[in-house]
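Right, one structure below, let's go through it.
None of the figures in this text is laboratory data; all of them are computed from the coordinates on show. Here the structure is a predicted model, which is why all the values come from computation and not from measurement. Neighbour counts are summed over all protein chains in view; Cβ atoms, including those assigned to glycine, are modelled from backbone coordinates with ideal geometry.
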Amino acid sequence: MPPPPRARATPELPDELMEEVLLRIRPDDPVGLLRAALACKQWHSFIADPDFRRRRLSLSLHGAAPPMLGVIVSVWDDGDRRPFARYVPTSSYVPPRADHRDWMLSDARHGRVLLRRCIEWEYWDFTVWNPITDQMLELPKPSDSLGRNGSMKASVLCAAIGVRVSKDMFTCIYSSESDAWSKPAYDSYPYYNLGWEDDGLGWERSVLVGNALYLVLRRYDNILECDLGTRKISIIKLPYVRTETTSAGFVRIELTTMEDGQLGFARVEGSHELCLWLRNGDNGVAGWSLCKVIDLKKLFPLVNSICLMNCLVGFADGISVAFLEVDRELFTVDIKSGLKKKIVEGCSISYAAPYFNFCTSALVVSSRDDGPRVGT
């Protein structure tokens, strides 16, 4: 009886095809790319190549939005009442980091987190934090001639922008290329003479829509619009709160952008209704429309309505996800489905922001390894 035929060896994929396969590992599955780098030396060499990293980044930027790798939160220590910034991972890619005491979240965008020092509130002390590498870069302070009075807010663009509200508002833009702040562009604050000089800028995150930056005011019945081209500042009035017992102001809001880039904001109305409002324009007149209402009592039936009135602590741009702090636990609530998910517990969170980033830093880490630890 003749011996069985020898099994034919599976032909190896050409390098070009193998590289194309690795390029298409989903951006929201960064661990898959790391596992591929550790599988064999050939795949490791593909992934460690700078051209591969550039191609993958290019595909990500022109394709799906970057995944949410975690949440940045501002936490108040129950012991000494000192604030600190914390990274809470929602994926296995970036591990938890050490807390940054005396820093609070100011903004997060483009994979960068902007923190503000909380020891001396009047100073322009800001640092840019990368949770992936845990590196911090402290920004230089603007000129002392700008003064220290009034309230101020900084936001992350491709650079950083600072806005201060007082009798005369001004904006400054920080450029990482020159490592310096621009000259201030001044504008008048239209409500100052009405006795609203206490209507400073809130700690809530700003949002970027087109060429305009939108910021929250502390009274919560208006927002600031800053045109980044002209640096002209204007006021946009918000709709009244949908309740007969609560005034229009002083109900916290969180600005957001929708998937189509439309400006919106969320707030809790009527003590336990999470409402999402969108800005629209009819006949050239900009207005607001209520597009979604979620009954929080159905999601948290055992929680007192009073505790739900101030539970909104953040909102994720573009994916319609709200961050709620309920009984010292942080939850996400999907506005589309109404489903909730617990993120972290055991801390008092005042502000939360999503951390979106493409996982190209994983490739840098893998390229620094001596070689794969699994396989050949």
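In this structure the amide hydrogen of V207, modeled in the peptide plane, comes within under 5 Å of the amide hydrogens of Y214, none closer than 5 places in sequence on its chain.
Which net charge results for the neighbourhood of T256, defined as the other residues with beta-carbon distances under 10 angstrom from its beta-carbon, given Lys and Arg at +1 and Asp and Glu at -1? Every neighbour counted, the sum reads -1. For F331, the shell of other residues with beta-carbons less than 12 Å away shows a net charge of -1, using +1 for Lys and Arg and -1 for Asp and Glu.
Sorted ascending by nearby beta carbons within 10 Å, beginning with the fewest, W43, W288 become W288, W43. Working from label points 7 Å from Cα in the Cα-to-Cβ sense, the Y186 to A39 distance is 6.3 nm. Just to verify a number: FRET efficiency for F250 and S91, C-beta to C-beta distance, R0 = 41 Å, to 0.05? With R0 = 41 Å, the Cβ-Cβ based efficiency is 0.70.
Fewest-first ordering of S337, S320 by other beta carbons within 10 Å of each residue's beta carbon gives S337, S320. The label point for D99 and the one for R24, both projected 7 Å from the Cα toward the Cβ, are 4.6 nm apart.
Once both labels are modelled 7 Å past Cα along the beta-carbon direction, what's the N304-L13 spacing in nm? Going from the N304 label point to the L13 one covers 5.9 nm.
Counting every other Cβ atom within 10 Å of each residue's Cβ, E325, E269 order from fewest to most as E269, E325. Give, as a single signed number, the net charge of other residues whose beta carbon lies under 10 Å from the beta carbon of C307, with Lys and Arg counted +1 and Asp and Glu -1. Value of the local net charge: -2.
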